[in-house]
Amino acid sequence: MRILVVDDEPDLCEILCFNLESEGFETERAFSAESALALMEQGGRFDLILLDVMMENVSGYDMARTLRGRDDNTPIIFLTARNAETDQLEGFSAGADDYVTKPFSFPTVLARIRAVLKRSSATGQDAVRQPKCIECGGLVADLQRKTVKVDGREVPLTKKEFLILALLMQHPGEHFRRGQILNDVWDNDTYVTERSVDVHIARLRKKLGTYADSIVNHSGFGYLFVSPSNTDNTHAL
C-alpha cells in the first residue's frame, strides 16, 4: 500500500512517513499541493493521501477538489489544526474520506487509515480495475473463483497462500516487504509475526512446482513476482 503525505511542515512529513513505513506502508512526501498534484500527473499512484489543509498558494481543500474534478477517487484524509465544524464540513464537501484534527497521535491516524482503506475496498473502487484472471505462462490465478492452476492442474491453496500469490502477481516486478504483506493479507491480526509470511511463501512455492522460482526474495527489499526466465509475459484477463 502506497501513501502520499502532503504537508508543508517537513518535520511532520518525516515523522509520519517514518511511522507508516514501520507499519509496512510505502510512502511518498510532498511539501505543497502543487508538487503533490505534479507527482500524480506524472503517473504517481497511491492508495491513500494524508493531506494538510493550510498550505500556501493551493490549500488542501483545493487540491482535493482538483482531484475529484479529475474523477480521481484516491481516498483522502485531512490532517489539520482547523477543528471547527464548518471546517470539517468543508473538508468533506471537498471530497475527504476522513478528517483528523491536530494535534493527533500516530495510533489514531493509523486506525483512521486502515478504516478508510477497508471502506474503499468494500465499496468496490478497486474491484472495478481488478481483472478476472492473471496468467503467467501455465500459472493462472482466477481472482473471482479464488483458484490457481499450474499447467492446467488446479492446485489447492489456503486462503492466505492465495491472497499472497494474487497480491504478487497483480504487481509483477514490484517489491513487497513482509510488513506490507501482513497489512494486505492478515489485516489487523496483531498476533501474527513477519516470520509467518516466510512460512506461508515457502509452502506456496512448494505447491507451485516449476513456477516456485517466480516468487523471489531480494534481501533488504522484499518479495516480488517475476516471470519465468525474466520474460514479461504476465497479463490480466
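What follows is calculated from the coordinates using simple rules that are stated; it is not laboratory data. What you see is a predicted model, and the numbers here were worked out from it, not measured in a lab. Here the Cβ positions follow ideal geometry from the backbone for every residue, glycine too, while neighbour counts run over all protein chains shown.
A crude spin-label estimate for the pair Asp62 and Ser93, with each label 7 Å from Cα along the Cβ direction, gives 1.7 nm. The listed peptides 140-147, 99-106, 161-168, ordered by packing as a protection proxy, come out as 161-168, 140-147, 99-106 (highest mean of other Cβ atoms within 10 Å first).
The ratio of the alpha-carbon radius of gyration of the chain to the globular-protein estimate 2.2 N^0.38 Å is 1.11. Ordering Val53, Val6, Val150 by the projection of their Cα atoms onto the charge dipole of the chain, which places +1 on the Cβ of Lys and Arg and -1 on the Cβ of Asp and Glu, puts Val150 at the extreme positive end.
Among Asn183, Asn73, Asn83, the largest mean-square fluctuation in a Gaussian network model of the chain (Cα springs under 10 Å) belongs to Asn83. Counting only Cα atoms, I'd like the Rg/Rh figure for region 1-124, Kirkwood definition for Rh. Radius of gyration over Kirkwood radius for region 1-124 works out to 0.92. Under 24 Å between alpha carbons, and skipping anything fewer than 8 positions from Lys206 in its own chain: which lysines qualify? Counting by Cα, and skipping residues close in sequence, Lys206 has these lysines nearby: Lys146, Lys149, Lys159, Lys160. Here the dipole of region 133-236 is about 340 debye; that uses its Cα centre as origin and unit charges on the Cβ of Lys and Arg (positive) and Asp and Glu (negative). Its DSSP H runs of at least 4 residues, each contributing -39,500 (n - 2.57), put the calculated 222 nm mean residue ellipticity of the chain at -11000 deg cm²/dmol, to the nearest 500.
Between the amide H of Thr147 and those of Asp142, distances stay under 5 Å, these residues lying 5 or more places away or on another chain, with hydrogens modeled in the peptide plane.
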